1. Scanning segment 355-370 for residues that are polar (S, T, N, Q) and under 17 Å from residue 345 (Cα atoms), which turns out farthest from the chain's Cα centre (by Cα)?
2. Among what's in segment 146-188 and is aromatic (Phe, Trp, Tyr) and under 21 Å from residue 45 (Cβ atoms), pick the residue that is surrounded by the fewest Cβ atoms within 10 Å (Cβ to Cβ).
3. Quick check: anything in segment 71-90 surrounded by fewer than 23 Cβ atoms within 10 Å (Cβ to Cβ) and small (Gly, Ala, Ser)?
4. When you go through 217, 176 one by one, which is the residue that is outside the structural domain of residue 119 (by TED's automatic domain parsing), closer than 30 Å to residue 119 by Cβ and modelled with pLDDT under 95?
5. What is the residue count in segment 116-154 for residues that are part of a helix (DSSP H, G or I) and either within 13 Å of residue 98 (Cβ to Cβ) or not charged (D, E, K, R) (or both)?
6. Between 326, 330, 339, which is in a strand (DSSP E or B) and more than 30 Å from residue 107 (Cα to Cα)?
7. How many residues are touching a helix residue (DSSP H, G or I) at 6+ places or on another chain (Cβ under 7 Å) and modelled with pLDDT of 95 or more if we restrict to segment 294-303?
8. For segment 214-255, which positions are buried (at least 17 other Cβ atoms within 10 Å of the Cβ) and free of Cβ contacts under 8 Å to residues at least 24 places away in the same chain?
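The values are calculated or read from the model by the stated rules, or taken from the named source; none is laboratory data. Computed from a prediction, not measured in an experiment: that's the story for all the values here. Neighbour counts are summed over all protein chains in view; Cβ atoms, including those assigned to glycine, are modelled from backbone coordinates with ideal geometry.
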Amino acid sequence: MKLVLTHGYFLADDSKELEIMRPYPTLGLLYISSYLKAAGKDVTIVDSTFLTKADWKAELMELQPQLVAFYSNLMTKLNVLELNTWLKSELPETVTIVGGPDVTYNIEHYLNAGFDFTISGEGEQTVLELSNAIEQQLPVSEIQGIAYKTDNGEIVCNEARTKIKELETLPFPDRGSIPIEKYLDVWKKHHGKRTLNISTQRGCPYTCKWCSTAVYGQSYRRNDPKHVVAEILDLKARFDVEALWFVDDVFTVSHKWIADLHAEFKQHNLIIDFECITRAERLNDTVLQQLKEMGCFRIWIGAESGSQRVIDRMDRRVSLETVQTTMQQTRALGMEAGTFIMVGYPGEELEDIQQTMEHIKACNPHLLTITKAYPIKGTGLYAEIEDEITTVLDWQKSTDRDIRFSLPYSDKFYNYSIRYLVNGWLAHRDQSLKHRLKSKVALALMKWNK
């Protein structure tokens, strides 16, 4: 049975990404592919990143697969729905399944949209078992992690998939089956280094209300440092990789694991440029020095707000002082510090946003990412504002980013608040009079549009 793994991300259609050019392969599909191939399956990855929709359709028509598995998230959902509808019209006998972070809390919607099965949780074992059952025409009632419709239209959700505990038992992601050189060439051209992403962790033990844990759950499972170093050495040998992006939610959550990874790097005389994300309270002088010695050049440290009151409402469990101190320590060691800020969180007021501006100045990050809060289904934030949603959306034409809920200020206010913070940050970082004036104007417009 010919099986295709695919997603619905098209770089050419993403105007924001085209400005920054930091595309990465979809690791989840690459893990599933290598797992299936190890079991002897006939698998093709149709990586849509550098394709057009016409290219994608042509590849599917040429392959004529019996089973197509889609990966869906907030960014790709609408494309995935469109592609599945086309596929069902052109290849009606093809079974289609869908998994990913947008699926777990929207099972009924995806099944009603025409998918034959949904997958919740990790996909490696589930896709293998489901493909075996389909190929051999066996019952699917005992397969963990899937949902489907019966002949009479009833939706059945099977038992949840048991999480994979020993990540080192998984083969390396199947990077060789996608146009990996295109990713590396883009990174080399726009950022000077052949860069790829790598994962060492599944799950997150923290409970931030806005964050989705739909795939890996609120758990903490870590790959063996020996296995991680083996994968890095493989990337260097096969693809001449010069830098890495560790995609783990909290890279330094375990100080013992970082120490073991540091020891493995030293044993193999390995130093490679990389960036990672972590929490401020999971960094200290020792960990920062270890990261530096391994090659870390940038650490993203979240705070999401410069108001302690708002941070506490988010259940972030960190103090502003800790965030500011840690970012200053990161800079002092010669590493770049980046941070994330969110505006429009429930309960946030003008004074909180002004406190956030002072927080940004105290942190003085090299890089800053700001978003307006949006409630992802299944999160604590969504549960908190569900009764205050003000929009009636067509699910098949919208995503959770389009959800609007009751807030004290207008949309214009929050748009200007982002300009206020970004320009204020640039004014402080670059000592720019132009951006200082832009920040002041944005603040005045915020107050005008309250």
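1. Selected residue: 355.
2. For segment 146-188, the residue satisfying everything is 172.
3. yes
4. One residue alone meets the criteria, 217.
5. Within segment 116-154, residues that are part of a helix (DSSP H, G or I) and either within 13 Å of residue 98 (Cβ to Cβ) or not charged (D, E, K, R) (or both) number 10.
6. Unique residue meeting the criteria: 339.
7. Total satisfying the criteria: 3.
8. none
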